[in-house]
Amino acid sequence: MAIATHVASFIRVYRYPRCSESNHNNRASAWGMDAHTDSSVISILNHHDQVGGLEVYKDHKWLDIKPIPNTLVVNLGDMTQAMSDDEYKSVKHRVKANKYDDRISIGYFVFPAQNGVIQSSKYKPFTYSDFQAQVQKDLMTMGFKVGLDRFKLNQAS
Ligand SMILES: O=C(O)CCC(=O)C(=O)O
Ligand SMILES: [Fe+2]
């Protein structure tokens, strides 16, 4: 549950330049965006109708998300996972650059209020501000986002 009086949100527009190396043995250079979960509550994505590239990790496999015309993709983020006591999972996803075409996507990301306390049976109470600071710290010191695991109850910190 989040005690918050208002939320924050932003829109991000991406252009992933085409990459002839794409599909080439999972070469790092071919990835438009590496595997991650969003820190948001929800993320709403609008994709170019013809250019796919979004992949979602489900049942130990990466699945291609084929664009459907006039359809938005809604991803649940880390904050929804915490607020739902892990009932709804923050989906791991990544973006593959396209071999032939630039890829454009527009994302609308919704976040909790910075100082609203997120309480759950699975995680220590934290604010989005605490979460963001921890993510930044891990990125700087370890080079990757640890995310919600940092706040898990009964976890050494
Ligand atoms: O471009 C996309 O389809 C996804 C972008 C994304 O995952 C993100 O901005 O977090
Ligand atoms: Fe994402």
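The values are calculated or read from the model by the stated rules, or taken from the named source; none is laboratory data. This one's a predicted model, so the numbers in the text were calculated from it and none came from an experiment. When we count neighbours, we look across all protein chains shown, and the Cβ atoms used for this are built from the backbone with ideal geometry, even at glycine. Heavy atoms of the whole protein, side chains included, go into the accessibility calculation; ligands, DNA and RNA do not. Shrake-Rupley method; radii C 1.70, N 1.55, O 1.52, S 1.80 Å.
Some observations on this one:
- Test: residue 75 is touching a residue at least 60 places away in the same chain (Cβ under 8 Å) and either out of contact with any helix residue (DSSP H, G or I) (no Cβ under 6 Å at 6 or more places or on another chain) or open to solvent by less than 40 Å² (accessible area, probe 1.4 Å) (or both): no
- Of residues in the stretch 28-66 being among the acidic types (Asp, Glu) and within 19 Å of residue 148 (Cβ to Cβ), the one surrounded by the most Cβ atoms within 10 Å (Cβ to Cβ): 38
- Some residue of the stretch 78-89 being closer than 24 Å to residue 133 by Cβ and in contact with a His (Cβ under 9 Å, 6 or more places away or on another chain): no
- Flag for residue 145 being among the basic types (Lys, Arg) and free of Cβ contacts under 8 Å to residues at least 40 places away in the same chain: no
- Search result, residues across the stretch 93-127 that are open to solvent by 70 Å² or more (accessible area, probe 1.4 Å), over 19 Å from the mean Cα position of the chain (by Cα) and more than 26 Å from residue 59 (Cβ to Cβ): 99, 100, 101, 115, 119, 125
Listed here are the residues, each with its yes/no results for (1) over 16 Å from residue 36 (Cα atoms); (2) modelled with pLDDT of 95 or more; (3) within 16 Å of ligand 2 (Cβ to nearest atom); (4) not β-branched (Val, Ile, Thr).
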site: 61; (1), (2), (3), (4): no, yes, no, yes
site: 66; (1), (2), (3), (4): yes, no, no, yes
site: 70; (1), (2), (3), (4): yes, no, no, yes
site: 76; (1), (2), (3), (4): no, yes, yes, yes
site: 83; (1), (2), (3), (4): yes, yes, no, yes
site: 86; (1), (2), (3), (4): yes, yes, no, yes
site: 89; (1), (2), (3), (4): no, yes, yes, yes
site: 93; (1), (2), (3), (4): no, yes, yes, yes
site: 97; (1), (2), (3), (4): no, no, yes, yes
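- So residue 81, is it surrounded by fewer than 13 Cβ atoms within 10 Å (Cβ to Cβ) and at negative phi: no
- Scope the stretch 32-72; condition in a strand (DSSP E or B), of a type in the set (Val, Ile, Thr) and within 11 Å of ligand 1 (Cβ to nearest atom); matching residues: 44, 56
- Residue 130 being of a type in the set (D, E, K, R), over 16 Å from the mean Cα position of the chain (by Cα) and assigned to a helix (DSSP H, G or I): yes
- For the stretch 78-87, filtered to residues that are touching a residue at least 24 places away in the same chain (Cβ under 8 Å) and not small (Gly, Ala, Ser), the residue that is nearest to residue 21 (Cα to Cα) is 78.
- In the stretch 88-107, the residues that are within 12 Å of ligand 1 (Cβ to nearest atom) form Cβ pairs under 6 Å with partners that are part of a loop (DSSP other than H, G, I, E, B) and among the β-branched types (Val, Ile, Thr), at six or more places apart or across chains, as follows: 90/37; 92/37; 98/51; 103/51.
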